[in-house]
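Worksheet: one structure, shown below.
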Amino acid sequence: MKKVVIDAGHGGDDPGASGNGIVEKELTLEISQYIHDRLDELGIENTLIRDSDETIEPNDRVNMIVSPYGSDSDVLVVSNHINAGGRAVKLLI
Ligand SMILES: [Zn+2]
């Protein structure tokens with residue numbers, strides 16, 4: 001079974017998009033925590049990249065995404081973003 005790495009986009013000093021009272025970093029965290037909890041309930045091994053409002057530099061984020069399972073090919077990476085336009089979900093593989 002695949003393992004899942006869940007990345008909550010943005011965070012800390014990087015709020016992402018905002019509008020209509022919605023701040024991207026807050027919504028991506030909420031969505032990511034939901035996915036994390038649900039995968040736990042289903043017994044699917046997973047890692048949540050951030051579980052609080054913290055700043056993660058881009059290179060650090062990539063390392064955090066890669067480090068839990070190394071070069072294991074049975075890993076699915078989901079990076080959640082709620083963009084103002086274009087794609088709603090960005091997948092990094
Ligand atoms: Zn974003």
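The values are calculated or read from the model by the stated rules, or taken from the named source; none is laboratory data. In this text the structure is predicted, and so the values were computed from the model without any measurement. Backbone-built Cβ (ideal geometry, glycine too); neighbour counts: all protein chains shown.
For segment 52-90, the set of residues classified as at pLDDT 95 or above, exposed (fewer than 13 other Cβ atoms within 10 Å of the Cβ) and of a type in the set (D, E, K, R) consists of E57, D60, listed by residue number.
The set of residues in segment 41-86 that are within 16 Å of the ligand (Cβ to nearest atom), over 14 Å from the mean Cα position of the chain (by Cα) and without any contact (Cβ under 8 Å) to a residue 24 or more places away in the chain comprises G85, G86.
Here is a check on your reading of the model: is L42 at pLDDT 95 or above, surrounded by 13 or more Cβ atoms within 10 Å (Cβ to Cβ) and out of contact with any His (no Cβ under 8 Å at 6 or more places or on another chain)? Spelling it out, it is not the case that L42 is at pLDDT 95 or above, surrounded by 13 or more Cβ atoms within 10 Å (Cβ to Cβ) and out of contact with any His (no Cβ under 8 Å at 6 or more places or on another chain). Looking across segment 6-35 at every residue that is in a helix (DSSP H, G or I) and surrounded by fewer than 15 Cβ atoms within 10 Å (Cβ to Cβ), the one that is farthest from the ligand (Cβ to nearest atom) is identified as Y34.
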